[in-house]
There are 2 protein chains.
Amino acid sequence: MHRFFVHPDLLSKDQVIFPTETARQMRNVLRLKPGDHVVVLDNLGNQFQVEISVINPKQVKGQIIARSTVEQEDMINLHLAFALSQREKVEWILQKCTELGVSRFTPFIAERTLARAKAVDVSKLRRWERIIQEAAEQSGRSRLPELSEVISMQQALKQVNLKREIGLVAWEDENKISLLNILKELLNEIHKTRRVTIFIGPEGGFTEEEIARVQKYALMTVSLGTGILRMETAAIAACAIIMAVCMS
Amino acid sequence: MHRFFVHPDLLSKDQVIFPTETARQMRNVLRLKPGDHVVVLDNLGNQFQVEISVINPKQVKGQIIARSTVEQEDMINLHLAFALSQREKVEWILQKCTELGVSRFTPFIAERTLARAKAVDVSKLRRWERIIQEAAEQSGRSRLPELSEVISMQQALKQVNLKREIGLVAWEDENKISLLNILKELLNEIHKTRRVTIFIGPEGGFTEEEIARVQKYALMTVSLGTGILRMETAAIAACAIIMAVCMS
């Protein structure tokens, strides 16, 4: 059944008014009809069985038939900090890593980042949020991942609190410790903190100064293998490996 | 340094003639000049240091300066059998999974495959080969992954020889055995056979008949986690996890 995140303000006791973009998708893409049933999530832990009552170009409304509490989905809270990059790469990272179970995204500016923070305007952020929402709906997640604003790499490093999370940085020059092995070593700690942050750098890699800073903040550099990965591949691979280990 | 796979026929004792598409890329995209050095691989285990001698719209030639043998790269032979899908998804799978180290790709037709084999003409196959080659060059691989022709799922299953390889099928209804756990269990066997085949199904999943057939051929169904993954995400995640475990 189709699933939609809807802001709680649009939910009354027995009715849902679907927001414009979702309404358009329901009508034009999914071609839903009055009487069709869908699932609505309020991102506060509630889930609603909804029957569509009105669907026309002006509005899409639904009748709430049943309500339940969603299961706590996140056995692990995975935070992906990734270097800002080209539009297509960023969108792929947001979509695929939402499917894989990331809880929070932080795009950051590294020294070798080509894209610039000022180019990230409100319309781009809204587009990113929309991509995350659709991916969360399609992959059956019951909570929306958060999207943080674009910050500097230093700010992103400062935000990592190693007392309550594991902090990792994928680095192509790390040739001793693989991501998988460090996760295995830290498994007890991960099951305690239930929080992992992983940094994925820009296409050109991190600079020496950046790696020095990573070490100053006591995050661990890890290898993703011997091949040179594009940054979006690195992000997806890292998230897949972390989720697989943490769920095992 | 830039790396290019060149068919052995285009290599003489001291000279390389670059094929048309590579020549175009070298001239127009990478803007290489006479005197620039590149690495040429013949996909037979040889690697050449080459200095560009001629670069113009008609031809690109290079002088071989040194020759060496490439290291055996593949600690594991990973074969990805994936259901044929939309153009964009297939291209992403080929590109990303080449980066991750897949040795062979087999696109197959499942019952719920929307795309049809007859739509895969020579020009499409050549485009796929080109994507694989560029991804292999950029990720520093010294061997090109093979691309098999499109076959039926049954044929693809028949080709798996469980005496000399591990055969796995990602299935969204498998809720007991995760890919990571099965790999851990079979690690000794994997280190002996050094061959793994993984099947990734179409968007709509496998049918009951297909899963019955998988079981008949004694392949193991595995889970990629609780979320519903798009097929290209499933392919990339599975390959990332397999490579990480087999390299550890």
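The values are calculated or read from the model by the stated rules, or taken from the named source; none is laboratory data. Worth saying up front: this structure is predicted, and the values here are computed from it rather than measured. In this analysis, Cβ positions are derived from the backbone assuming ideal geometry, glycine residues included, and neighbour counts consider all displayed protein chains.
A few comments on the model shown:
- Criterion (surrounded by fewer than 18 Cβ atoms within 10 Å (Cβ to Cβ), in a loop (DSSP other than H, G, I, E, B) and not β-branched (Val, Ile, Thr)) met by exactly one of B:GLU88, B:GLU149: B:GLU149
- The set of residues in region A:196-215 that are more than 26 Å from B:MET247 (Cα to Cα), in contact (Cβ under 8 Å) with a residue 24 or more places away in the chain and of a type in the set (A, V, I, L, M) is empty.
- In the set (1) surrounded by 19 or more Cβ atoms within 10 Å (Cβ to Cβ); (2) within 20 Å of the chain's Cα centre (by Cα), the condition left unmet by A:THR193 is number (1).
Listed here are the residues, each with its yes/no results for (1) farther than 18 Å from B:LEU84 by Cβ; (2) among the aromatic types (Phe, Trp, Tyr); (3) outside the structural domain of B:GLN95 (by TED's automatic domain parsing); (4) in contact (Cβ under 8 Å) with a residue 60 or more places away in the chain.
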{"site": "B:ARG194", "(1), (2), (3), (4)": "yes, no, no, yes"}
{"site": "B:TYR217", "(1), (2), (3), (4)": "yes, yes, no, yes"}
{"site": "B:THR221", "(1), (2), (3), (4)": "yes, no, no, no"}
{"site": "B:ARG230", "(1), (2), (3), (4)": "no, no, no, yes"}
{"site": "B:ALA238", "(1), (2), (3), (4)": "no, no, no, yes"}
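- Every pair of residues 6+ apart whose Cβ atoms lie under 7 Å, when the first sits in region A:128-139 and is outside the structural domain of A:SER85 (by TED's automatic domain parsing) while the second is in a helix (DSSP H, G or I): none
- Any hit, region A:168-187, residues being away from chain B (no Cβ under 14 Å), touching a residue at least 24 places away in the same chain (Cβ under 8 Å), of a type in the set (A, V, I, L, M) and assigned to a loop (DSSP other than H, G, I, E, B): no
- Filtered by the rule that a residue be assigned to a loop (DSSP other than H, G, I, E, B) and either buried (at least 24 other Cβ atoms within 10 Å of the Cβ) or away from every other protein chain (no Cβ under 14 Å) (or both), region B:196-224 gives B:GLY201, B:PRO202, B:PHE206, B:THR207, B:TYR217, B:ALA218, B:LEU219, B:LEU224.
- Test result for B:THR197, within 19 Å of B:PHE108 (Cα to Cα), touching a Gly at 6+ places or on another chain (Cβ under 8 Å) and not aromatic (Phe, Trp, Tyr): yes
- Candidates in region A:23-45 are the residues that are of a type in the set (D, E, K, R) and surrounded by 16 or more Cβ atoms within 10 Å (Cβ to Cβ); of these, the one that is nearest to the chain's Cα centre (by Cα) is A:ASP42.
- So A:GLY227, is it part of a loop (DSSP other than H, G, I, E, B) and more than 7 Å from chain B (Cβ to nearest Cβ): no
- B:LYS158 within 14 Å of chain A (Cβ to nearest Cβ) and out of contact with any helix residue (DSSP H, G or I) (no Cβ under 6 Å at 6 or more places or on another chain): no
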